[in-house]
1. If the only charges are +1 at each Lys and Arg Cβ and -1 at each Asp and Glu Cβ, what is the size of the charge dipole of segment 117-170 around the Cα centre, to the nearest 20 debye?
2. What lysines does Lys88 reach when the alpha-carbon gap must be under 19 Å and sequence neighbours fewer than 8 apart in one chain are set aside?
3. Tell me, what HN-Hα J-couplings in whole Hz come from the Karplus equation 6.51 cos²θ - 1.76 cosθ + 1.60 at θ = phi - 60° for each residue of segment 154-171, using x for Gly and Pro?
4. Using a simple charge model, +1 on the beta-carbon of Lys and Arg, -1 on the beta-carbon of Asp and Glu, nothing else, what dipole does the chain show about its Cα centre, in debye to the nearest 20?
5. Please list the radius of gyration and Dmax for segment 101-170, considering alpha-carbon atoms only, with Å as the unit.
6. Given H placed 1.01 Å from N in the peptide plane, which residues other than close sequence neighbours of Ile34 have an amide H under 5 Å from its amide H?
7. Using the basic label-point model (7 angstrom from Cα toward the beta carbon), what is the Ile193 to Thr89 distance in nanometres?
8. Each label point is 7 Å from the Cα along the Cα-to-Cβ direction; what then is the distance between the points at Thr35 and Asp176, in nm?
Amino acid sequence: MILTTQMLLEQYRNYVNPKAKIRRLVDKGELYPITRGLYETDGNAPGHCLAGAILGPSYLSFDYALSFYGLIPEAVYTFTSATFDKKKTKDYENHFGRFSYRDVPQDAYPFGIIVRDENGYIYQMASPEKALCDKLCTMPPVTSQREIARMLFDDLRLDSAEFEKLNAADILQIGDKYHSNNLKYLMKYLGRIGK
């Protein structure tokens with residue numbers, strides 16, 4: 001369970017020094033700091049369930065989501081999330097893993113987010129289509145459909161069978177909101193291959 005410092009101070013208000021009590025619980029491994037002012041009571045809590053609590057608003061996306069959906073072959077050990085208006089990439093590391101946050105355009109941010117419930121933890125993750133769009137908008141710009149195909153299948157090493165399962169209508173709905181050459185050419189490429 002995620003607890004704030006304020007919740008813990010309230011819980012231990014009858015102690016002479018509630019802050020010292022919190023420190024002792026951390027030292028004994030009964031409380032795990034997530035980030036400043038935030039703690040987790042379960043040392044085995046999955047990191048992906050905590051990503052949204054560290055920095056928000058945010059949702060899991062980029063490489064983590066692409067790997068989760070089987071679109072890329074690599075296992076991803078950093079919990080990568082999308083934010084907006086943070087201006088720079090932010091990275092955190094704690095007992096639960098490494099967490100990385102980077103901006104996507106604010107116009108594109110609210111689309112294609114799935115709310116998940118896992119063992120009492122509520123968190124948000126990009127749909128497969130949104131995760132791909134987010135990833136492409138962070139990559140160097142391409143100038144042709146041939147280059148976007150190379151980026152998809154050579155650089156990112158997308159699984160072609162999983163790529164075929166993507167909903168092209170979802171990508172076409174949000175693609176323009178990124179104002180990105182890569183998304184412009186992805187939409188043209190999808191039209192060319194008849195998706």
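1. Computed charge dipole of segment 117-170: roughly 240 debye.
2. The reachable lysines, counting only those whose Cα sits under 19 Å from Lys88, are Lys135.
3. 9, 6, 7, 6, 4, 6, 5, 5, 5, 4, 4, 7, 5, 8, 4, 4, 5, 5
4. Value, rounded to 20: 540 debye.
5. Just the Cα atoms of segment 101-170 yield Rg and Dmax of 14.0, 45 Å.
6. Excluding prolines and chain starts, which carry no amide H, the hits are Tyr39, Glu40.
7. 2.7
8. 3.4
The numbers here are math on the coordinates, done by the rules we state, and not lab data. Small disclaimer: the values here were computed from a predicted structure and weren't measured. Don't worry about glycine lacking a Cβ; one is built from the backbone with ideal geometry, like all the others, and counts go over all protein chains shown.
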